[in-house]
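These notes are about the structure you will find just below.
The values are calculated or read from the model by the stated rules, or taken from the named source; none is laboratory data. Nothing here was measured: the structure is a model prediction, and the numbers come from that model. Note that each Cβ is placed from the backbone with ideal geometry, even for glycine, and that neighbours are counted across all protein chains shown.
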Amino acid sequence: MALKGNLRDFSVTQLLNLINLARKTGVLTIESDGTTARMYFREGRLLHASIAGQDDQLTAILQKAGKITPEQAQIIRTRSQVHTDKELGLLLINAGYLSQDDILSSVKQHVLDVVYYLFPFAEGRFHFEPDQLPPADRITVSLDLESIIMEGSRRIKEWERLHEELPDLDVALKFAERPRTPLRHINLNVDEWRVISFINGRNTIRQIAQHNGMGEFQIRKIVYGLLAAGLVELVEPAEQKRRAEAVPAGGPAQPAKPPVKRNVIMRIIDRIRRI
């Protein structure tokens, strides 16, 4: 028998708790503010998750995880003769390009990103259809719901704090004139470098997130860390308007997404050092 209702009456946390305790098998569909997401379970364990309209093919997942470059992803899409994620995964493993762990860890992170994105949803409809499993061509994982529920609850609290600190994503970032953190102590990860590569005083936080395929939680967390370290500053609205008007006529309205390569990183390092 299907279970359906409103998220105002039954939160995502409560739904996952029910599925975990009852060891349910099936698909949970959540619809909220134009977003439709599906989570698949087998005996109370999470197998797969996706959001309608988002590219969740294996090539996109591996590119997002940094396992392949955008150029490699494009080559795979245009030249590969395989048609399913499972076939592509086996091809990449057998060719020695990636390990099984590379692929499974990337898929696992993608699934978790989808689920954690859904935790704050407080409005919308849900529908649980029993005994439905993911499409046969998908690579699945088997994840414990208890740890996911605990982490999701922690993230809700962190999300509330980050939203309070950064309520507006439509503001631009610039490098701080006098960084509070000594340069020798700077140790940024790949995602932080990707964000930094778009900072020019005109690109808004939202634009940077969109061009890096990041959700609001992730971009807020990264920007908050950069702000706390004193490496970047928010651009005041008046200054942001002046910078936007200074763009040459016919220039791009949106920033192009550059590949994060060593020469880009070295230019950023040099730029920070010159501050």
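Could you check how many residues of the range 141-155 are assigned to a helix (DSSP H, G or I) and in contact (Cβ under 8 Å) with a residue 40 or more places away in the chain?
Final tally of qualifying residues: 7.
What are the residue pairs meeting all of these: first residue in the range 188-212, first residue touching a residue at least 12 places away in the same chain (Cβ under 8 Å), second residue aromatic (Phe, Trp, Tyr), Cβ atoms under 8 Å, and 6 or more apart or on different chains?
ILE199/PHE175; GLN207/PHE198; ILE208/PHE198; HIS211/PHE198; ASN212/PHE198
How about the range 176-275: which helices (runs of 4 or more DSSP H) wholly inside it have at least 1 residues that are touching a strand residue (DSSP E or B) at 6+ places or on another chain (Cβ under 7 Å), closer than 28 Å to GLN109 by Cα and at pLDDT 55 or above?
205-211, 216-228
If you go through the range 121-132 one residue at a time, how many are surrounded by 15 or more Cβ atoms within 10 Å (Cβ to Cβ) and under 24 Å from the mean Cα position of the chain (by Cα)?
Residues in the range 121-132 being surrounded by 15 or more Cβ atoms within 10 Å (Cβ to Cβ) and under 24 Å from the mean Cα position of the chain (by Cα): 3 in total.
I'm told LEU46 meets every condition in (1) surrounded by 19 or more Cβ atoms within 10 Å (Cβ to Cβ); (2) at pLDDT below 85; (3) not hydroxyl-bearing (Ser, Thr, Tyr) except one. Can you identify the failing condition by its number?
(2)
Answer with yes or no whether GLU160 is surrounded by fewer than 16 Cβ atoms within 10 Å (Cβ to Cβ) and modelled with pLDDT under 90.
yes
Working only within the range 53-69, note down all residues that are of a type outside the set (A, V, I, L, M, F, W, C), closer than 16 Å to TYR97 by Cβ and surrounded by 14 or more Cβ atoms within 10 Å (Cβ to Cβ).
Within the range 53-69, THR59, GLN63, LYS67, THR69 meet the criteria.
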